[in-house]
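For reference, the structure is listed below as structure tokens.
The values are calculated or read from the model by the stated rules, or taken from the named source; none is laboratory data. Computed from a predicted model, the values in this text were never measured in an experiment. Neighbour counts run over all protein chains shown; Cβ positions are idealised from the backbone, glycine included. Note: areas computed on protein heavy atoms with side chains; ligands, DNA, RNA excluded. Shrake-Rupley method; radii C 1.70, N 1.55, O 1.52, S 1.80 Å.
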Amino acid sequence: MDGVFIRVEVADAARSDGELARRLEEACPVDIFAATDAGVAIVHENLDECVLCELCLDAAPPGAVRIVKLYDGGASLERQPA
Ligand code: SF4
């Protein structure tokens, strides 16, 4: 699930959520998420196109999505659950 620069993690509990999958597919400007019958899929070949816009984090419940910057020692963007 890794690009060279970016890894996107979707929490197990969120991965099968079809509605979330549709929201993520719509939100990401570089098509890193795809909505499938099984829920959220990651489009691996697009991972390194991530522009760190955080629109996916805004579209998902806190804790559901995490963006890991592999080029920056694994620093991550995420919303913490309350
Ligand atoms: S931060 Fe922006 S570009 Fe990166 S995966 Fe999320 S929505 Fe897509």
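Tabulated data for the structure shown
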| read-out | value |
| --- | --- |
| Solvent-accessible heavy-atom area per residue, rounded to whole Å², over the chain at 1.4 Å | 57 Å² |
| Nearest-20 debye value, the chain charge dipole, Cβ charges on Lys, Arg, Asp, Glu | 220 debye |
| Fluctuation leader among Ala21, Ala41, Ala13 - the chain, Gaussian network, Cα springs under 10 angstrom | Ala13 |
| Signed unit charges on C-beta, dipole axis of the chain, positive-most listed residue Val51, Pro62, Val40 | Pro62 |
| Computed Kirkwood radius, in angstrom, where 1/r is averaged over Cα pairs of the stretch 19-82 | 12.1 Å |
| Of all accessible heavy-atom area on the chain, the percent that carbon and sulfur account for (1.4 Å) | 49 percent |
